[in-house]
Each structure stands twice: as C-alpha cells, then as structure tokens.
1. For V242, what is the net charge nearby, where nearby means another residue's Cβ is under 13 Å from its Cβ and Lys, Arg count +1, Asp, Glu -1?
2. Under the Karplus relation 6.51 cos²θ - 1.76 cosθ + 1.60, θ = phi - 60°, what is the ordered set of whole-Hz ³J(HN,Hα) values for region 244-249, x standing for Gly and Pro?
3. Excluding I252 itself, calculate the net charge of residues whose Cβ lies under 13 Å from the Cβ of I252, where each Lys or Arg counts +1 and each Asp or Glu counts -1.
4. Considering only the other residues whose Cβ falls under 12 Å of the Cβ of L163, what net charge follows from Lys and Arg at +1 and Asp and Glu at -1?
5. Within 10 Å of each residue's Cβ, count the other Cβ atoms and sort S27, S173 from fewest upward.
6. Expressed in nm to one decimal, what extension gain is obtained for the pair K160 and V140 from 0.36 nm per residue of sequence separation less their Cα-Cα distance?
7. Read phi for every residue in region 46-63 and hand back ³J(HN,Hα) as whole Hz from Karplus 6.51 cos²θ - 1.76 cosθ + 1.60, θ = phi - 60°, with x for Gly and Pro.
8. Measuring from label point to label point, each 7 Å out along Cα→Cβ, what is the T64 to D124 span in nm?
Amino acid sequence: MKKLVLMILLIGILVIPLAYTQGDKLSFRSIKAYVNGEKEGGTIDVKPNSTLELKIEVENTYSTTIPDAESDIEDIIITATIFNIDDGDDLEEESDEFNLDAGKEKTKTLTFHIPLEVEADIYDLEIRAEGEDGNRTIHVVEEILEVEVKKDKHKVIFTKLDLSKEVIECSGSTRLDIVVMNLGEEPEDDVELFFSNDDLGIDEKYVFDLEEDPFDDENTFHQSYTITVEEVLGAGIYPIDVKVVYDEGNKIETAVVNLEVTACQLPKEPEEEPEAEEEHEVIIIPEPPVIVPEPQIKPPEESFFMHYSYLFIIFGYILVTGILVIVGIKVFQKRK
C-alpha cells in the first residue's frame, strides 16, 4: 500500500511539471535591439541619455490542428525591465494587450530612455511575455539580456543653455542660463566656461572642477547671467557664443544661443478728435407776406346827367319853392 502511494506521488511530481511545460506555447522568435537607431548584437551597449529600442517578435506555437477555442492565446502582455539602472531603481516598459491565433506571431516595440545620470556598469534586461489560452492555462516565456552602460573617459556637455526671453522688443533684459555636466569616467579639473558677444558687451569666463560621480552635486556647474539691452542697440539677431574647455585644454564643446532684438515702436500719437463745427446761429428772416391786392371794382362811368343830377335837383327844389312862394303871395293878396 505504501509503495502504491509513493508511486502515485512520484508520478504526480513528474507529471505536473511536464503538464506545465507543455502549457508554455509562447516563444520569442526574435529580439532585436537598436541604440539611437543603430542595431546592436550580443551585449547591448548604451551611453548616458541614449535611446534603446527593442523589437520583440512573439509566436503562438500551438498546432493549427487544435481547435481555436483551446489554442488561441489572449491578453498577451510583453514586459521588459532593466534592473537597478536608474540610481538603484528599475526601468520598465510594457506593451498593450494582444491576442495570437495558433501558429501566428506578432512584433511589438518597447523603447527605453537611458538616464543622463547613470553609472558605467552592466545591467540585466529581462523580457517576459505572458498570456492565457482557452483552457485558462497561463503561458509564459522569458529571456535575460545584458545592457552595458559605457562612458567616454573625458566628456563634458551642456545640459541647459537657454534665455529666459529669446526676443526683446527695443530694450529690456533677459537671463542666460547655462548648466555644464561631466559625463566622463574621469573627474575634470580647471574646466573653463566662456560666453561672449561684442555688441551686447558680454565677455565672461568661469573656472571650476567637475566630479565624475553622476550623483555628486559637483558633477554639474550652473551659471546665470543677466543681459541688458539698451534702445541704442538696434534691431537684429545677436548670437552669443558659448564654449567649455576641459581635459587640460584638449577638448572643447561649443554652442550658440541667439537673442533677437526687435525694432522700437514709436509711441502712438493720440488721435486728434475732429474739431466740432462752430454752430452758427441761424437767423431765419421771414419772407414778407405776399399781399394780393383785392381787385378794385371800378364804378361805372357817370353820364353827364348823373354827374349834374344833384344840381338839377337843387335847382328844381329852388324853382318849386319860388313858385310856391309866388303863388302864396298872390293868393294872400286876393283875399284882401
């Protein structure tokens, strides 16, 4: 009885791992590495601030004779990790999810930006793909590569070189900011920084040391400089020449930053308001009324009889009165 139990356990121990191995139907057909666009083989060599691009081709190795419901692998994710490269921290990139039918493959691209501050060393790069088939079996494939960070023995660069204002209108001021960093394997003594422009009246020099440890405060040097532009300068582009001399004067890095000065704008004269037109008193002279004379009725012309009618009447009255007086006298006389 004990032998039977032991045999069952032994078979279980042997069969379970075998079943798990048979479930791993994902594989990497190819992994290609490119550093700043250049293809790498074997150990991947990078430099500080470089770009590492991985093109990873994954294949579903299930036989196409197996039903799709069982052989399709879904929700596949590719994860790539560079361990301890970022001041002891990992860099990790992950693809989006995708599915693969049996016998099919797909290529995904993952991109890393190597830190500027990094130690020269060899770092492990793990690439892992994981997905699940129709039987809810998890399929995993992993591969370990090496990434080696290499540095030049002497290398100093500008990590910042800019103006707070790149364009000044007529006059004003701006600030020039410069940061110099040692990317080399060796410390640098008596590094010289120069920047100048005759028209702007700039002619500066600074001397300093730089440590090789990227995490040391003295691995970088920062300098700010205020530039004042007067109105008399005139419009134009003023290049400021910058250079750093290191490795005991054997190496030089140069750069140019341009300051643009635009023409002064003449002050706008206040717009004159149009003069108000003088208001003249308008005297209205009434026109004299037009008097239309009434038509005069002309009396009819008097005849000769009408003209002397009054004389005839008076003469007639006197005549009658005289006759009456005479008749009266005669009658009175007869009565006597």
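1. -4
2. The phi angles translate into 10, 10, 8, 6, 6, x Hz.
3. -3
4. Value of the local net charge: -1.
5. Fewest-to-most Cβ neighbours within 10 Å comes out as S173, S27.
6. The span from K160 to V140 would gain 2.8 nm if fully extended.
7. Rounded to whole hertz, the list is 10, 10, x, 6, 8, 10, 10, 10, 10, 9, 10, 9, 10, 10, 8, 8, 4, 6.
8. Between T64 and D124, the label points sit 3.9 nm apart.
Every number in this text was worked out from the coordinates using simple rules, so none of it is lab data. Since the model is a prediction, treat every value here as computed from it, not as a measurement. Using ideal geometry, Cβ is built from the backbone for each residue, glycine included, and neighbour counts are taken over all protein chains shown.
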